[in-house]
Amino acid sequence: MRTIEVGAVKIHLEKQEEATEMLEALLRPLSNKEIAAMIGISERTVMRWKLMGRLPSRGNGQVFMVDLIRHLAPEQQPL
């Protein structure tokens with residue numbers, strides 16, 4: 001098993017999974033519909049949260065999978 005680390009997020013790849021495919025998926029922008037389905041809110045709430053800064057959108061309003069994962073992952077506390 002191989003691991004990709006994105007900040008505090010670790011993604012374990014099975015033997016048959018390609019790292020490039022996983023990275024492409026992480027680096028693609030998500031639609032409002034996809035975001036809403038992932039976190040259980042409405043598309044309208046997604047748009048409102050982007051405007052309020054509650055979602056990690058880039059300058060053009062796009063949210064990338066990797067940014068959403070980082071945003072939703074609990075921060076690691078130092079021991």
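Every number in this text was worked out from the coordinates using simple rules, so none of it is lab data. Every value quoted in this text rests on a predicted model; they were computed, and no experiment measured them. Glycine also receives a Cβ, built like all others from the backbone with ideal geometry; neighbour counts cover every protein chain displayed.
Results, tabulated for the structure shown:
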item: Cut-off under 5 Å, modelled amide H: who pairs with Leu30 long-range; result: Val63, Phe64, Met65
item: Estimated FRET transfer efficiency (Thr3, Ile41; beta-carbon r; R0 30 Å; 0.05); result: 0.50
item: Surrounding net charge for Arg54, when Lys and Arg each add one and Asp and Glu each subtract one, Cβ distance under 15 Å; result: +3
item: Cross-link partners of Lys10 among aspartates and glutamates (Cα-Cα below 16 Å; sequence separation of 8 or more within a chain); result: Glu18, Glu21, Glu24, Asp67, Glu75
item: Three principal axis lengths of region 2-75 [C-alpha, angstrom, descending]; result: 40, 24, 24
item: Relative contact order (%) - region 8-73, alpha-carbon pairs under 8 angstrom, separation at least six; result: 38
item: Note, ³J(HN,Hα) from phi for region 42-58, Karplus 6.51, -1.76, 1.60, rounded to Hz, x at Gly and Pro; result: 7, 4, 4, 5, 4, 4, 5, 5, 4, 5, 7, x, 7, 10, x, 8, 7
item: Residue-count net charge about Glu43 - beta-carbon cut-off 12 Å; Lys, Arg +1, Asp, Glu -1; result: +3
item: In order through region 24-35: 3J(HN,Hα) via Karplus (6.51 cos²θ - 1.76 cosθ + 1.60), integer Hz, x for Gly, Pro; result: 4, 5, 5, 9, 9, x, 9, 7, 4, 5, 5, 4
item: Cβ-defined net charge surrounding Glu34, 11 Å radius [Lys, Arg +1; Asp, Glu -1]; result: +1
item: Those lysines that a straight Cα-Cα span of less than 16 Å connects to Lys33, excepting residues fewer than 8 apart in one chain; result: Lys50
